[in-house]
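Below is one structure, written out as structure tokens; comments come after it.
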Amino acid sequence: MIRRRRLPLALLPVVALCFACGPSPPPAVAPAPDRKEVREPSRGEGPSPPAGSASRHALLVGCTRYPNLEGTFAHLQGPGNDVVLMRQVLKDRFGFKDENIVTLAEAAGADKKPTRAHIKREFDRLARIAKKGDQVVILLAGHGSQQPDQEPFDEADGLDETFLPADAGPWLEDKGRVANAIVDDELGVWTRAITDRGAGLWVIVDACHSGTMLRGDSAEVAREVPADQLVPRAALEKARTQAAERFKGAAAGGSPAHWADEAPGLVAIYAAQPTEPTVERKPYDGSSDKMYGLLTYTLCKVLTTAQSPLSYQELTQRIHAEYVRHGRASPIPLVEGKHVDREVLGLRSWPGRSRFLLRKDGEGWKVNGGHLHGLTEKSILAVYPPAGSAAADKILGHVRIQASHVTEAEVVPCAHAGMEVRKDLPPGGRCEPVYRDYGELQLSVAVAGDAADAGVRALKKHLQSMAAEKGSLIALAADAKQAEWLFRIEKGAAVLSPAYAAASEGKAGRAVPRFGPYRLDDADGIRVRLERIARVRNLLKLTSASTKEAARGSPAAGEENAELAVALTLLKLRSKEDREGTPVKWKDRGAVLAAGDWIAFRVQNGSRFAVDVSLLFVDSGFGIEPVFPRPGIAADNRLQPGQSYRTGAFRVNAKTVGLEHVTLIAVRAAGQQLDFTCLAQPSLERAVARGGDENGLRSPLGKLLTSALYGQGTTRGLDMEEIDNHALRLLSWYVEPADAKGKKE
């Protein structure tokens, strides 16, 4: 069952409900008839490319050490790594010149330490040199906090959001502020001085001001110093009381980067909502033992692997999709500014797949790409002759990735596709992925608590038995910090929650998913719950890891396009009878719906060939229900080139609480139509028994999904040709209760 609790209005962005879209239970309101329509998808408009004389500049700030703040709680590890990673991405992906990137970090030298004075100096320098058409990127990575609102008084909760430079603190009683803290109002002034010059400015703030430090079994550290550890509580209460009088009736809190909506040409991406913690951690993919900001690392990965232009809004959505891939419901990245629909850094045409180069490393081989580029362990690359060589397009051999790190991978020659192992491969050989391995598809689970406790021992024994079974979707983690989900013993029963949220449970502002309690002797019941979670996790993991993105429209006349291009859009309807609808965009709180809303989904085939499509709804209780085709309703799920399909109307209801999704599975049409709605929970056997659906599971993608969701078979990867013939899309949203309607700012 899902544990429900009433949350104050200010915390509603993290609450979600579901709409009914499956045969069991029946929908609250029956969907209107489905329909197909043929229309030309529109091509997105972006800004003109920067003029030839325009420049690109970056300021990267990483604050790790805080000597003026007492206690080791204040120190971080990740910001210093963030600035190095971001620098590399800006140079490699966007062509920033090394001399145009300034880094302020502990390792950069005395004159480049990330102090308030040095940060202000670099903002002022950018304001002097920026000119019309320039692109400027600023990364602020470190701790965030709050302090009493300063003039002009503009915070309804009485507190200014602050970014803490390395020399921040302590509290200055006579000035009513934290020494050297940079408040949001100051950032507004500093950034406006740059945008007033006509330059485009992108600010990334990987810091937060909410929550408390995550400790215990968590592998994460919050980038936040709680305000009451910097500011006397009396001063905080006084500020809140004065604000309550000053802003009677106004909602407390708000955007931590509200200044972004004020300045023309400015877009800000913030790591989390005001009520959420921002964290740093080691990469989920195991590519490094270093700590990185969750936002910065994920942002860099999305930008590095993207194969088509992204707007800032789309980038933020893709970052959140990566979080979903790793089982996270939070944080929700925030994007603000008048130009969130512009392409990132105004880049109109992106290069195709990156060219990876083979190089000798002692007795072994390496390539200059790693997890950041989507290269996973056991994936295979074809090796071509170095650029400029004769027969440059002839495959010489193949290499398999043995170990993938952040930006490089260790490889070994291997046999593939009928070619034997070739060990005399040329240094400098160009490498292209031909087989992608999606990694381990087992859900990592641990039991937190005293190892001597009888309940802990009994539960671990159950999990060990489950993990030992052939084809098990469950793995018992040796260390709770390595687990994705955690069991805790409460009052003699087992309670299950995501590991990332376990340390935050019970804290104000946190909506922590919890399932149970389960009897400790109910091994079958525990198994069923874990397998349902594992199936959904793997479906979302594969969907989020899709290597192809939606095209922005149909190819122009005469333009070649052999790739599968399918777009999925969530539409909000004025009523059940509304046949058009308005696309739901990712705003400052993500994609938000309310109980009672009418919605529909539109699928657009921008390919030059037909595709078979399936839509699956994933609720927060880990159920999977078919949206299209719907069981028992005859429907043609093959879309011809340029064709658009809009589902019937669904009404959002309040049957589950949590993050919700719809996944789209599209496969290039060939022969009999493929239908993947058989993946609906609760069981494969029941679904396949409906007849006909099993054809989809016989396809290469179907075999991968069967292995991922049911532990049947050994398929855990796809050839790139197979990947080119399918597309996976993911839409996620949050839903507010009906009584929150009309109360938003």
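A Förster radius of 35 Å, combined with the Cβ-Cβ distance separating Glu440 from Lys91, puts the computed FRET efficiency at roughly 0.60.
Using the Cβ-Cβ distance between Ala391 and His75 with R0 = 56 Å, the FRET efficiency computed as 1/(1 + (r/R0)^6) comes to roughly 0.50.
Along the axis of the charge dipole computed for the stretch 353-498 (Cβ charges of +1 for Lys and Arg, -1 for Asp and Glu, origin at the Cα centre), the listed residues Leu443, Ala454, Val383 are led at the positive end by Val383. Rounded to 0.05, the FRET efficiency of the Arg128 and Lys175 pair, given R0 = 22 Å and the Cβ-Cβ distance, is 0.15. Per-residue surface analysis assigns Thr543 an accessible area of about 10 Å², computed on protein heavy atoms at 1.4 Å probe radius. Along the stretch 324-337 the Karplus relation, 6.51 cos²θ - 1.76 cosθ + 1.60 evaluated at θ = phi - 60°, assigns HN-Hα couplings of 4, 4, 9, x, 9, 9, 8, x, 9, x, 10, 10, 9, x Hz to successive residues, with x for each Gly and Pro.
The values are calculated or read from the model by the stated rules, or taken from the named source; none is laboratory data. Since we're looking at a predicted model, the values are computed, not measured. Neighbour counts run over all protein chains shown; Cβ positions are idealised from the backbone, glycine included. Accessible surface areas use protein heavy atoms only, side chains included; no ligands, DNA or RNA. Shrake-Rupley method; radii C 1.70, N 1.55, O 1.52, S 1.80 Å.
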